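The values are calculated or read from the model by the stated rules, or taken from the named source; none is laboratory data. These figures come from a predicted structure and were not determined experimentally. Ideal geometry is used to build each Cβ from the backbone, glycine not excepted, and the neighbour counts take in all protein chains shown. What goes into the accessible areas is simple: the full protein's heavy atoms, side chains included, and nothing from ligands, DNA or RNA. Shrake-Rupley method; radii C 1.70, N 1.55, O 1.52, S 1.80 Å.
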Amino acid sequence: MSFCIGQGFDVHAFADGRRLILGGVHVPHPRGLAGHSDADVLCHAIADALLGAAGLGDIGRHFPDTDPSFKDADSLNLLTQVGGQVAGLGWNVINIDATVIAQAPRLADYIDGMRSNIAAALQLDISRVNVKATTTETLGFTGRGEGIAAMAVTLLGQP
Ligand SMILES: [Zn+2]
């Protein structure tokens, strides 16, 4: 068995008039995240971790934000496409562990929905997808409520 590890990091700023989508879940909040796609910062961090582990570059290379076809794109779809590319190289996703960094809103009630969506997009058992949420104790741009960050790691394996 050979293994490759990957990590991903993403940030989006809050913006008025947008829905907040995290892990494909609509989280009720006065503001959503700005971005060309649906700005699902969690899906983007996971996609970058997967692409990184497989040596496939980054999400911007595969889904350029200058391409109008990705305007308001459902990032779970992008994640499914990334999963297909990774699987096409013979890799199995062993697990994903991700952290959403946000001062608000409180995400505990939505975590299992995010895990379920991400697992379905990548055809994984939900037990292989872990999502955590933390604050930065009011410090920094996330602590001031200016945006949300997400980090992810993944392990790929193949016989
Ligand atoms: Zn992003």
_the range 20-55, subset outside any helix (DSSP H, G or I), within 9 Å of the ligand (Cβ to nearest atom) and free of Cβ contacts under 8 Å to residues at least 40 places away in the same chain, residue surrounded by the fewest Cβ atoms within 10 Å (Cβ to Cβ)_ = 36
_Here is a check on your reading of the model: is residue 58 surrounded by fewer than 17 Cβ atoms within 10 Å (Cβ to Cβ) and closer than 27 Å to residue 139 by Cα?_
no
*asked:* Just to check your reading of the model, which residue among 106, 61 is assigned to a helix (DSSP H, G or I) and farther than 17 Å from residue 39 by Cβ?
replied: 61
*Among (1) of a type outside the set (A, V, I, L, M, F, W, C); (2) more than 13 Å from the chain's Cα centre (by Cα); (3) away from the ligand (no atom under 16 Å from the Cβ), where does residue 130 come up short?*
(2)
*Among residues of the range 109-159, those that are over 21 Å from residue 88 (Cβ atoms), open to solvent by less than 60 Å² (accessible area, probe 1.4 Å) and among the small types (Gly, Ala, Ser), counted*: 9
*Of the criteria (1) touching a Gly at 6+ places or on another chain (Cβ under 9 Å); (2) part of a loop (DSSP other than H, G, I, E, B), which one residue 14 fails*: (2)
*Kindly establish whether residue 68 is open to solvent by 50 Å² or more (accessible area, probe 1.4 Å), more than 26 Å from residue 2 (Cα to Cα) and of a type outside the set (Ser, Thr, Tyr).*
yes
